[in-house]
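In what follows, a structure is listed as structure tokens, so that the remarks can point back to it.
The values are calculated or read from the model by the stated rules, or taken from the named source; none is laboratory data. From a predicted model like this one, the values you see are computed outputs, not experimental measurements. Neighbour counts are summed over all protein chains in view; Cβ atoms, including those assigned to glycine, are modelled from backbone coordinates with ideal geometry.
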């Protein structure tokens, strides 16, 4: 295996590009394909070949690179990789770090999707994380399932209904309820263009009811359905902030959706 690094030119115009890899060997042999091995007990082993290409999305992004972010994994997502790709220091927190590690070194802690369903240590350490936020941290909770709501892991009341509120149309209109809020202005100015090109859905497991201390920031809905406002909620918590979002950032970031990166950068920078 050969590792190599690709650097964009300084005058790169924002847009979508395709990178292609080509290897030349002796006697003029050229290789322009990669392969993936499909190997499961219930099927015959096979190899899938494809062109050695990768899509690359170039866009403008401002982010505070002095931030230190801790990430608690959930049900398997690529959000930590996306945070690192923004140039922000991110560390994946294991059970020991969550339960007894020094959290004071982090400015922001992000909880992965369905983390309260998959990580028993998080249940034990939940109040510890809330105390950390009260001391000045920003705790960002990505979508969780019913246990999170019914067992009261949020600092103030949150309730989801069954079936849960969601917006399945990835192109559904999005309205900024508080357009002058820092989340939509610092360090990136968020507008309607940032909700273009989303994939699969807007979000899921939106809160249906919430304590008055939460501020709903977005409104969206599938065609013909009632507006949903529980997809992005922010509340002050002591000297810090608590964020719950059902927005499907975990799908948008691997797909290279610029608006998802810009919105996440603003959420990470909320305290700054």
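Name the single residue that is surrounded by the fewest Cβ atoms within 10 Å (Cβ to Cβ) among those in the range 93-112 being in contact with a helix residue (DSSP H, G or I) (Cβ under 9 Å, 6 or more places away or on another chain) and assigned to a loop (DSSP other than H, G, I, E, B). Spell out the reasoning first.
Of the range 93-112, the ones in contact with a helix residue (DSSP H, G or I) (Cβ under 9 Å, 6 or more places away or on another chain) are 93-100, 103-104, 106-112.
Next, only the ones that are assigned to a loop (DSSP other than H, G, I, E, B) stay: 93-94, 106-107, 112.
On the way: 93: 25, 94: 13, 106: 23, 107: 21, 112: 24.
If we take residues in the range 93-112 being in contact with a helix residue (DSSP H, G or I) (Cβ under 9 Å, 6 or more places away or on another chain) and assigned to a loop (DSSP other than H, G, I, E, B), then 94 is surrounded by the fewest Cβ atoms within 10 Å (Cβ to Cβ).
How many residues does the range 26-38 contain that are assigned to a loop (DSSP other than H, G, I, E, B) and in contact with a strand residue (DSSP E or B) (Cβ under 7 Å, 6 or more places away or on another chain)?
First pass over the range 26-38, keeping only residues assigned to a loop (DSSP other than H, G, I, E, B): 29, 32.
Then keep just the ones that are in contact with a strand residue (DSSP E or B) (Cβ under 7 Å, 6 or more places away or on another chain); that gives 32.
Summing the residues that are assigned to a loop (DSSP other than H, G, I, E, B) and in contact with a strand residue (DSSP E or B) (Cβ under 7 Å, 6 or more places away or on another chain) in the range 26-38 gives 1.
Per-residue answers, yes or no, for (1) out of contact with any strand residue (DSSP E or B) (no Cβ under 6 Å at 6 or more places or on another chain); (2) in a helix (DSSP H, G or I):
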| site | (1), (2) |
| --- | --- |
| 40 | yes, no |
| 56 | no, no |
| 63 | yes, no |
| 81 | yes, yes |
| 91 | no, no |
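Looking at the structure I just gave you, is residue 108 closer than 23 Å to residue 130 by Cβ and either touching a strand residue (DSSP E or B) at 6+ places or on another chain (Cβ under 7 Å) or not assigned by TED's automatic domain parsing to the domain that holds residue 263 (or both)? Reasoning before the result, please.
Details: closer than 23 Å to residue 130 by Cβ: yes; either touching a strand residue (DSSP E or B) at 6+ places or on another chain (Cβ under 7 Å) or not assigned by TED's automatic domain parsing to the domain that holds residue 263 (or both): yes.
Criteria met by residue 108.
Quick check on the range 162-176: of everything there that is over 13 Å from residue 204 (Cβ atoms) and touching a strand residue (DSSP E or B) at 6+ places or on another chain (Cβ under 8 Å), which residue is surrounded by the most Cβ atoms within 10 Å (Cβ to Cβ)?
174
Would you be able to tell me the number of residues in the range 114-136 that are closer than 23 Å to residue 183 by Cβ and over 18 Å from the mean Cα position of the chain (by Cα)? Before the answer, list the steps.
Step one: filter the range 114-136 for residues closer than 23 Å to residue 183 by Cβ, giving 115, 129-130, 132-136.
If we keep only those that are over 18 Å from the mean Cα position of the chain (by Cα) too, we end up with 129-130, 132-136.
Qualifying residue count for the region: 7.
Residues checked against (1) surrounded by fewer than 23 Cβ atoms within 10 Å (Cβ to Cβ); (2) closer than 25 Å to residue 71 by Cα; (3) assigned by TED's automatic domain parsing to the domain that holds residue 164:
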{"site": "207", "(1), (2), (3)": "no, yes, yes"}
{"site": "212", "(1), (2), (3)": "yes, no, yes"}
{"site": "217", "(1), (2), (3)": "yes, yes, yes"}
{"site": "221", "(1), (2), (3)": "yes, no, yes"}
{"site": "228", "(1), (2), (3)": "yes, no, yes"}
{"site": "245", "(1), (2), (3)": "no, yes, yes"}
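Take the range 118-156 and flag every residue that is in contact with a helix residue (DSSP H, G or I) (Cβ under 7 Å, 6 or more places away or on another chain) and outside any helix (DSSP H, G or I). Quick ask: steps written out before the conclusion?
Let us first name the residues in the range 118-156 that are in contact with a helix residue (DSSP H, G or I) (Cβ under 7 Å, 6 or more places away or on another chain), namely 121-125, 132, 139-140, 142, 144-145, 147-148, 153, 155.
Within the range 118-156, 139, 140, 142, 144, 145, 153, 155 meet the criteria.
Identify, from the list 179, 155, the residue that is closer than 25 Å to residue 228 by Cβ, at pLDDT 95 or above and surrounded by fewer than 19 Cβ atoms within 10 Å (Cβ to Cβ). Even if it seems obvious, please write down each step before you answer.
On the way: 155 fails: surrounded by fewer than 19 Cβ atoms within 10 Å (Cβ to Cβ).
Only one candidate qualifies: 179.
Kindly indicate whether residue 57 is within 25 Å of the chain's Cα centre (by Cα) and either within 30 Å of residue 182 (Cβ to Cβ) or modelled with pLDDT of 95 or more (or both).
Numbers: within 25 Å of the chain's Cα centre (by Cα): yes; either within 30 Å of residue 182 (Cβ to Cβ) or modelled with pLDDT of 95 or more (or both): yes.
Taking the combined requirement at face value, the residue satisfies it.
Filter the range 246-269 down to residues that are in a loop (DSSP other than H, G, I, E, B) and under 15 Å from residue 142 (Cβ atoms), then give me how many there are. Show your work before the answer.
Step one: of the range 246-269, the residues in a loop (DSSP other than H, G, I, E, B) are 246, 248, 253-257, 269.
So of that shortlist, the ones also under 15 Å from residue 142 (Cβ atoms) come out as 246, 248, 253-254.
Matching residues across the range 246-269 total 4.
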